[in-house]
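These notes are about the structure you will find just below.
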Amino acid sequence: VMRTWLSTAPLASRYRERAAAPWITATCRGSTYETPKPVLTNRATSVREYWRLCDVALVLLRDTPTFRLVLPSKMFEAMSTARPIILGVKGESEAVLKEAGAGIAIPPEDAQALAAAIVQLADNREQGLALGKAGREFVTRRFSRDVLANRMLGVLEAVAREK
């Protein structure tokens, strides 16, 4: 298992600092995972290429009421590149993930559940491929630019008819 951190987030400098220190070293099934090396970019166009390098996308947020209302954009990026998702977020994000059939939902901030989900997908490549495919089909059907533009056009036309 190789881990790479990719971030365009405002906290990217923290990732640099943490990657320089041995802040995560874990042993799983006899293999030691080294400290993650960050890949930092400010170019949104390159993000899609990094997703293609991943076998699985981790979407992990803190367990706060605010995060229960959000849909992290990285979910849609991962689904658009047919990557299965391990989601540690409750609320709206979890509902979308389940509707899409695009990944495994775990309790937020639960390291044991995260490790189990990673092992599950590492041990069952076919499951990961199926989840990724389902996510790609879902995001294409429900959230492509054309679909969203047509939805917005429908709303605007309805408002115009009411006046």
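The values are calculated or read from the model by the stated rules, or taken from the named source; none is laboratory data. Computed from a predicted structure; not experimentally measured. When we count neighbours, we look across all protein chains shown, and the Cβ atoms used for this are built from the backbone with ideal geometry, even at glycine. Ligands, DNA and RNA are stripped out before the accessible areas are found, and what is left, the full protein with its side chains, is counted by its heavy atoms. Shrake-Rupley method; radii C 1.70, N 1.55, O 1.52, S 1.80 Å.
Length gained on full extension, residue 156 to residue 119: 8.6 nm, using 0.36 nm per residue less the C-alpha separation. Overall, the accessible surface of the stretch 58-107 at a probe of 1.4 angstrom is composed of carbon and sulfur to the extent of 56 percent.
Stretching the chain fully between residue 99 and residue 133 yields a gain of 10.9 nm (0.36 nm per residue, less the alpha carbon separation). Take the Cα of residue 71, step 7 Å toward its Cβ, do the same at residue 145, and the gap between the two points is 1.8 nm.
Calculated accessible area for the stretch 47-147 comes out at 56 Å² per residue, all protein chains present (probe 1.4 Å; ligands, DNA, RNA ignored).
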